[in-house]
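Here the structure comes first, spelled out in structure tokens, and everything after it is commentary.
The values are calculated or read from the model by the stated rules, or taken from the named source; none is laboratory data. Just so we're clear, the structure is a prediction, and the values are computed from it rather than from any experiment. Positions of Cβ are generated from backbone atoms using ideal geometry, with glycine treated the same way; all protein chains shown enter the neighbour counts. For accessibility, only protein heavy atoms count, side chains too; no ligands or nucleic acids. Shrake-Rupley method; radii C 1.70, N 1.55, O 1.52, S 1.80 Å.
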Amino acid sequence: MDTMGYLRKIGQFGKNPDGSYTRRIFSPEWERAADLVRSEMKALSMKTDRDAAGNEHGVLLGSVPGLPAIILGSHLDTVPSGGLYDGAMGVAAALAALSRAQKEGVIFRHPMEIYAFNGEEFNPLGALFGSRVLTGWFDSEAPHMKDALHSFGKTGEEMAAARRDFAGVKCYLEAHIEQGPELAARKLPVGIVTGIAGVFRYRVICHGMANHSGTTLMKRRHDAMVGMAKLIVYGDLRCRELDDHLVFTAGTIKCLPNSANVVPNRVEATFEMRHLDRTLTDALIADINDCIAAAEGDKE
């Protein structure tokens with residue numbers, strides 16, 4: 001079976017009426033997809049297991065004992081109303097590669113492994129959940145994490161026991177759909193990842209003074225929404241000035257009191273910035289902080 005064949009089988013689970021897909025962490029849709037992947041791994045003569053974090057795992061032994069393993073895979077969970085390819089394509093491609101190799105009589109010297117990670121997308125246990133548990137980067141003692149684990153019937157002890165020693169691994173390979181337009185714009189069918197961008201996310205709060213929208217003259221207003229809007233525009237402009245590959249997103253916003261006829265007195269937003277070089281993300285947040293300090297200094 002080819003990659004699209006496996007993708008269509010995985011896509012049976014969590015498909016929405018609008019054609020999007022939703023398989024959230026530990027959901028029934030995710031579990032059915034993981035069960036399917038397990039059955040496909042077994043059909044390829046792989047030994048399978050699933051750890052407490054929900055990572056589905058298959059192993060095909062190599063012909064030479066003692067050689068380090070080659071790991072393929074990706075994740076099965078999605079964002080709400082996500083696409084067919086995000087994550088699942090890496091799992092489907094791994095299955096397809098081993099399927100074709102077996103049909104062509106290829107004998108692997110190294111052990112071949114496939115992982116279908118769980119909880120890669122943002123969720124109550126934090127993004128990259130399954131892979132963080134597997135690599136020992138999951139902090140079960142973090143604030144609210146015990147309650148979050150308990151809500152899924154899990155414990156910190158189980159997560160600690162699921163950690164794996166990767167000393168005997170040669171490499172990890174993952175096929176993933178590009179989530180931007182660069183390859184399409186350059187008319188290239190495939191690209192190779194050369195680095196991983198650091199993600200830095202901040203909660204930014206602007207305070208103002210609530211007043212009646214009809215009777216408070218503009219010169220007397222302290223509008224938190226306007227302050228936040230200026231800050232977002234500044235962040236966007238400064239980001240474009242610093243580097244072409246630096247990105248800035250104000251992805252969420254909350255306004256209080258959130259009434260059409262009241263000047264907002266508090267606005268909260270998330271500022272996210274990404275780049276391969278942390279000095280650039282640090283420079284952007286520093287400039288935003290300078291902008292805030294200058295605005296505070298201008299108060300009457």
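Structural remarks
- When segment 188-215 is filtered for residues that are under 28 Å from Leu98 (Cα atoms) and either aliphatic (A, V, I, L, M) or open to solvent by 90 Å² or more (accessible area, probe 1.4 Å) (or both), the ones remaining, listed by number, are Leu188, Pro189, Val190, Ile192, Val193, Thr194, Ile196.
- Matching entry among Gly87, Gly126 (being modelled with pLDDT under 95 and in contact with a Ser or Thr (Cβ under 9 Å, 6 or more places away or on another chain)): Gly87
- Screening the candidates Ala53, Ala69, Ala88 for the property of being open to solvent by less than 10 Å² (accessible area, probe 1.4 Å), in contact (Cβ under 8 Å) with a residue 24 or more places away in the chain, among the hydrophobic types (A, V, I, L, M, F, W, C) and within 14 Å of Lys170 (Cβ to Cβ) yields one hit, Ala69.
- Taken over segment 191-245, the criterion of being assigned to a strand (DSSP E or B) and not β-branched (Val, Ile, Thr) is satisfied by Gly198, Phe200, Arg201, Tyr202, Arg203, Cys206, His207, Asn211, His212.
- Pairs with Cβ under 9 Å, 6+ apart, first in segment 33-45 and over 11 Å from Glu56 (Cα atoms) and part of a helix (DSSP H, G or I), second open to solvent by 30 Å² or more (accessible area, probe 1.4 Å) and hydrophobic (A, V, I, L, M, F, W, C): Glu40/Met1
- Contact map, segment 278-300: residues that are within 13 Å of Gly227 (Cα to Cα) paired with residues that are of a type in the set (Lys, Arg) and modelled with pLDDT of 90 or more, Cβ distance under 9 Å, separation 6+ or inter-chain. Pairs shown: Ile288/Arg238; Cys291/Lys230; Cys291/Arg238; Ala295/Lys230.
- The set of residues in segment 173-198 being of a type in the set (A, V, I, L, M) and touching a strand residue (DSSP E or B) at 6+ places or on another chain (Cβ under 9 Å) consists of Leu173, Ala175, Ala197.
- Condition check for Glu29: assigned to a helix (DSSP H, G or I) and either β-branched (Val, Ile, Thr) or closer than 15 Å to Ala97 by Cβ (or both): no
- Taken together, the residues in segment 218-237 that are over 14 Å from Pro264 (Cα atoms) and of a type in the set (A, V, I, L, M, F, W, C) amount to 4.
- Of residues in segment 92-103 being under 14 Å from Glu40 (Cα atoms) and out of contact with any helix residue (DSSP H, G or I) (no Cβ under 6 Å at 6 or more places or on another chain), the one surrounded by the fewest Cβ atoms within 10 Å (Cβ to Cβ): Arg100
- Residue within segment 168-176 that is open to solvent by 20 Å² or more (accessible area, probe 1.4 Å), of a type in the set (D, E, K, R) and touching a residue at least 60 places away in the same chain (Cβ under 8 Å) present: yes
- The helices (runs of 4 or more DSSP H) falling completely within segment 97-161 that include 3 or more residues that are within 21 Å of the chain's Cα centre (by Cα) map to 129-135, 145-151.
- Tabulated pairs, segment 12-23, first open to solvent by 100 Å² or more (accessible area, probe 1.4 Å), second of a type outside the set (A, V, I, L, M, F, W, C), C-beta under 9 angstrom, 6+ apart or interchain: Gln12/Arg32; Lys15/Tyr21; Lys15/Thr22; Lys15/Glu29; Asp18/Ser81
- Any hit, segment 104-117, residues being hydroxyl-bearing (Ser, Thr, Tyr), modelled with pLDDT of 95 or more and open to solvent by less than 30 Å² (accessible area, probe 1.4 Å): yes
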